[in-house]
Amino acid sequence: MSLVGYTLVAKRIEELRQTIAPKHPIYGIYWDKSSDPTLTRTDDAVGKEAAVGVDGEYVVNDFDRLDIFGEIGEVTDELGNVFVRIPKFYIQKKAGPGYYLLRISKTQYPGFYLPWCFWDFERGRELPYVDVGKHLASLGDGNRLRSVPGEMPLVSKTIVAMRNYARNNNMDGVQGYQLLDIHVYDVIRTLMFIEFATLNMQSVMYGFASGRYSTNDVATVSETGANRIIVANSTANGYEVGQSIGIGTSNTNNSVSGTHRVITAIEPYDADNTAIVFDGDPVDIEVGHVVANRAYKTGWSSRIAASSGGIVNLSNGRYPCMYRGIESPYGDIYEFVDGVNINNHQAWVATNPEDYVSNVFAAPYEQLGYVNSETNGYVMEMGFDPDHPYAEFPTVVGASSSTYYSDYYYQNTGQRIAHVGGYWYNGSSDGPSLWDLYSSSSGASVILGGRLVRRGVS
């Protein structure tokens, strides 16, 4: 057979393959870019309802029975890391004056792109899934980032350190471990918006966003060898049993408690003061020592029966939320997002996790086709680069906590990195569209943490 004949036969085989290949449903949302963050369901999402639950509450969620959403589930790797496995799917995004269209499917219809977290860069083929850390990351043996229950999330580390801790899992022939990046976050955020048909996710579940982080929350009584801190009644009213706290010389350090502690009881002390009781070794408390919230201890979501939801209360901001098994997708603590560098409001992005490095503004990083907003504020408009549709950063601000994207944006000049989601003291600013592009790569704080990811095995 001639080369031309062979080419025609091969083309016909591919056409037949496409004809008989299964065509999966499309789930989508449409937004007219009005101030109302409510989205219109499209395609096979029309008529579907989503619900969240508190603790063991039973709820009916149509998406639990659909492909993609219903296939998301928990897995544990050989190192004991607990992940939420998200199956491969394709995304379509279209944006223009007065409209935004977002659609997903397990079939790569025309105009749909494959998120880079589903791509094997070494072998040049698609990956069947991505594993997202169920828990906020803690640090294990061998300085390896991990995702396990019953631990305090790792904080006060730079993005460089967190990136290296995640990569330390790549040993003995095992590969694919990395820090949460822009491509994985695109997948999570897309799923949220389509499932709940709103840009204002805090209207669905507020998350841990109304905690305490004030230098005014001080001890009023000195005690030696204590497992409690006595504070004014008004201060104690801001805390809840089960929350984590740190005690130090300011709200930003744990110099007295030594580490995060869990509140086990809140009890009356006298007419003006209340005792906040905590676990762990006793400490010496002096008048003026500062107590403040910290990130929740991991594993709290085990008591939630629904596919998404929270514990105790979904709306008062004192408890974290969970999306399809992923604890604290926003609120609680900021998460580093790798693969993004910003220089004077111009974002640069990379696709291969092996290339991730901070403060690089040249290949293999690529410059986005728009510039981020130079002003802080609630987000009205996200930038859109059709060559990099996964990277949507704020370009216009001036909304409120209940309009447009309903989440806040922080920025700064110079070389910056990306944090997302907000933390326990941000209130209505928090959410999946809260981008904090303020800090440098040397930034570290008790409000900054991370999440372990592992790309699927091809």
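Values quoted throughout were computed directly from the atomic coordinates according to the rules given, and no laboratory measurement underlies them. This is a predicted model, so every value here is computed, not measured. In this analysis, Cβ positions are derived from the backbone assuming ideal geometry, glycine residues included, and neighbour counts consider all displayed protein chains.
So what is the relative contact order for the chain, in percent, with contacts set as C-alpha pairs under 8 Å and at least six apart? Display every interim value, and only then the final one.
On the way: 1190 pairs, mean separation 89.0, N = 458.
Result for the chain is 19 percent.
Apply the Karplus curve 6.51 cos²θ - 1.76 cosθ + 1.60, θ = phi - 60°, to the phi angles in the stretch 155-164 and return the couplings in whole Hz, x for Gly and Pro.
Coupling constants for the stretch 155-164: 9, 6, 10, 7, 5, 5, 5, 4, 4, 5 Hz.
Using a Cα distance threshold of under 13 Å, what count of lysine pairs results for the chain when pairs must be 8 or more residues apart or interchain? If you can, show how the numbers build up before the last one.
Numbers: 23/106; 33/94; 88/106; 134/297.
Lysine pairs meeting the criterion: 4.
Using a simple spin-label model with points 7 Å from Cα along the Cα→Cβ vector, what separation in nm is obtained for residue 413 and residue 396?
With each label placed 7 Å out from Cα toward Cβ, I get 2.5 nm.
For the stretch 242-247, in order, what is each residue's ³J(HN,Hα) by Karplus, 6.51 cos²θ - 1.76 cosθ + 1.60 with θ = phi - 60°, in whole Hz (x at glycine and Pro)?
x, 6, 9, 9, x, 10
Calculate for the chain the 222 nm mean residue ellipticity that helices alone would give, adding -39,500 (n - 2.57) per DSSP H run of length 4 or more and normalising by residue count, nearest 500 deg cm²/dmol.
Values: 4 runs with 46 residues, N = 458.
Taking each H run of at least 4 residues, the total per residue is -3000 deg cm²/dmol.
Taking a cut-off of 14 Å, what percent of all Cα-Cα pairs in the stretch 200-267 are separated by more than that?
64
Share of antiparallel DSSP beta bridges in the stretch 323-458, in percent to the nearest 5?
Taking every DSSP beta bridge within the stretch 323-458, about 80 percent pair in antiparallel fashion.
What is the Cα coordinate range of the chain on the first, second and third principal axes, sorted by size from largest, in whole angstrom?
92, 48, 43
Run the dipole for the stretch 27-165 about the Cα centre, Lys and Arg Cβ at +1, Asp and Glu Cβ at -1, nothing else charged, and hand back the magnitude in debye, nearest 20.
620
Relative to the longest principal axis of the chain, what angle (0 to 90°, nearest 10) does the C-alpha long axis of helix 182-196 take?
90
Rounded to whole Hz and in sequence order, give me ³J(HN,Hα) for the stretch 70-86 from the Karplus expression 6.51 cos²θ - 1.76 cosθ + 1.60, θ = phi - 60°, writing x for Gly and Pro.
Result, ordered by residue: x, 8, 6, x, 8, 9, 10, 8, 5, 8, x, 6, 9, 10, 9, 8, 10 Hz.
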